[in-house]
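Below you'll find the structure, written out as structure tokens, and then a few comments.
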Amino acid sequence: MRNLPEDATTAETKAAYPLLALGSMNVIGSFVRALKARPDDDGIDRLSYYYTCLILLILSVTISAKQYVGQPIQCWVPAQFTGAWEQYAENYCFVQNTYWLAISDNIPDEPENRKELQIGYYQWVPFMLAIEASFFYLPCIVWRLLNWQSGIRLAELISLASTQRSLSRCDRSQIVDIISKHIQESIAIQRAFGKSSRHGRFITSLPLAFVKERGFYVTILYLAVKLLYLGNAVGQFFLLNAFLYPKHALWGISILQDLIRGIEWEQSGHFPRVTMCDFEVRTIGNLHRYTIQCVLMINMFNEKAFLFLWWWFLVVAIATCFNFIYWTLASISSRQLVYFIAKYMRILGISNDHDDVKRFALRCMQRDGLFILRMLSLHVGDLITAEVIKDIWINTGHKLRTPVHGNEDSGSQMERHGGKVPSSG
């Protein structure tokens, strides 16, 4: 095969880098465009599947561009190396891993001992970040794929309710009526489906039938998805440790301490910038081994990126943990469920009877209905939530009492409090 001139070989190799970068950035770019927040979750969920995914994909694109468009590695080669040889050595060392040892240490004589010091992560950083982004997005996919089986169109309900601020009182009443009827019909359909499936022939449908009949399918599903978010956030630390092979499990703390104390990578060995590389070249039947010193400039950026991600994942994990505890107590505890309805009953003047409120909350609304109301309150506010509760109360055959605040209607009372339910204290 004809050998290309030295400059042509180097130019041809460098010309391929932008094409590789363009391909990887197109794939990641399509993933970024697919990211879209929806109103059927809360802010902590979006912290994982939207903001964290966005951060990871931006870092992936940035590092990918640096690797394939710039020069991620530069090596100091012997003087007899031509430009093509130097390019070959740098490409080989970037692909086949390098190894690090302190400047005061001697290079091990045995090749096997050198392999134990190898650094094998820097080539795969963009792909690793993209994989991490997909893990953060996975619980969101599970939630969106499975929650529709309840028949409750939660995202559409909240989007519809969010339009009521700019509508007249008459149009707002129509929206409230649509939302309340959809909630009632969905709960009734779930109960009917659960009873029919429970008496069916397929034993595998019994757990699903039970939770639907009891009216907490969406609630249990949402808590399970919350648990997936939490498991993913904690699992990211194990994934990073398996990928980077750090000296300590809590390497994020040690690297931050090193930066504060002014300890450089030459002493700590974290994300080394200068490494060694061994390669062999066969010329005229003879095998020549070379050991050269290389500069991994990309590791300077990798250190800051992974240090930021370590602390970001810690914040996400802590926030997700407390959020999971909150939603578990709010969704499972009968006392919390009754209190959630009672505070609206009090301001609306509907009922002060604890037994009436408890029956309405746990038997009529059930946990899935209360879950929808909590989501409405979270995304749209207390005003529309109170009106939906009032409408469902009337539709289920309950009677209204005289409002506790004179002759004011519920809308006027809520607006007087800025659209918020006042606290009992």
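The values are calculated or read from the model by the stated rules, or taken from the named source; none is laboratory data. Just so we're clear, the structure is a prediction, and the values are computed from it rather than from any experiment. Using ideal geometry, Cβ is built from the backbone for each residue, glycine included, and neighbour counts are taken over all protein chains shown.
Numbers for the structure displayed
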quantity	calculated
Subset of region 287-318 (residues that are within 15 Å of residue 232 (Cβ to Cβ) and surrounded by fewer than 16 Cβ atoms within 10 Å (Cβ to Cβ))	315, 318
Tabulated pairs, region 183-197, first under 14 Å from residue 216 (Cα atoms) and among the aliphatic types (A, V, I, L, M), second modelled with pLDDT under 80 and outside any helix (DSSP H, G or I), C-beta under 7 angstrom, 6+ apart or interchain	187/215; 189/151
Tally of residues being in contact with a helix residue (DSSP H, G or I) (Cβ under 6 Å, 6 or more places away or on another chain) and farther than 20 Å from residue 327 by Cβ across region 222-248	3
Failed item in (1) under 26 Å from the mean Cα position of the chain (by Cα); (2) assigned to a helix (DSSP H, G or I), with residue 152 passing the rest	(2)
Out of 308, 279, sole residue that is at negative phi, among the aromatic types (Phe, Trp, Tyr) and in a helix (DSSP H, G or I)	308
So residue 423, is it of a type in the set (S, T, N, Q), surrounded by fewer than 17 Cβ atoms within 10 Å (Cβ to Cβ) and modelled with pLDDT of 85 or more	no
Residue among 50, 68 that alone is buried (at least 16 other Cβ atoms within 10 Å of the Cβ), of a type in the set (Phe, Trp, Tyr) and at pLDDT 90 or above	50
Among (1) at pLDDT 70 or above; (2) under 26 Å from residue 45 (Cα atoms) - the single one residue 297 does not satisfy	(2)
Residue match in region 318-325 (condition: over 25 Å from residue 121 (Cα atoms) and out of contact with any helix residue (DSSP H, G or I) (no Cβ under 9 Å at 6 or more places or on another chain))	yes
Matching residues, region 255-270, being surrounded by 10 or more Cβ atoms within 10 Å (Cβ to Cβ) and either part of a strand (DSSP E or B) or on the phi < 0 side of the Ramachandran plot (or both)	255, 256, 257, 258, 259, 263, 264, 265, 266, 267, 268, 270
Residue count for region 137-171, restricted to those that are at pLDDT below 80 and closer than 13 Å to residue 388 by Cβ	1
Test: residue in region 365-384 that is over 23 Å from residue 222 (Cα atoms), surrounded by 18 or more Cβ atoms within 10 Å (Cβ to Cβ) and at pLDDT below 90	yes
Test: residue 312 is over 30 Å from residue 81 (Cα atoms) and assigned by TED's automatic domain parsing to the domain that holds residue 97	yes
Subset of region 346-396 [outside any helix (DSSP H, G or I), under 19 Å from residue 174 (Cβ atoms) and of a type in the set (Gly, Ala, Ser)]	381
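Yes or no, residue by residue, for (1) at pLDDT below 90; (2) in contact with a Phe, Trp or Tyr (Cβ under 8 Å, 6 or more places away or on another chain):
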{"residue": "253", "(1), (2)": "yes, no"}
{"residue": "261", "(1), (2)": "yes, no"}
{"residue": "271", "(1), (2)": "yes, yes"}
{"residue": "315", "(1), (2)": "no, no"}
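Rundown of residues vs (1) crowded, with 18+ Cβ neighbours inside 10 Å; (2) hydroxyl-bearing (Ser, Thr, Tyr), yes/no style:
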site	(1), (2)
230	yes, no
246	yes, no
249	no, no
272	yes, no
320	yes, yes
329	no, no
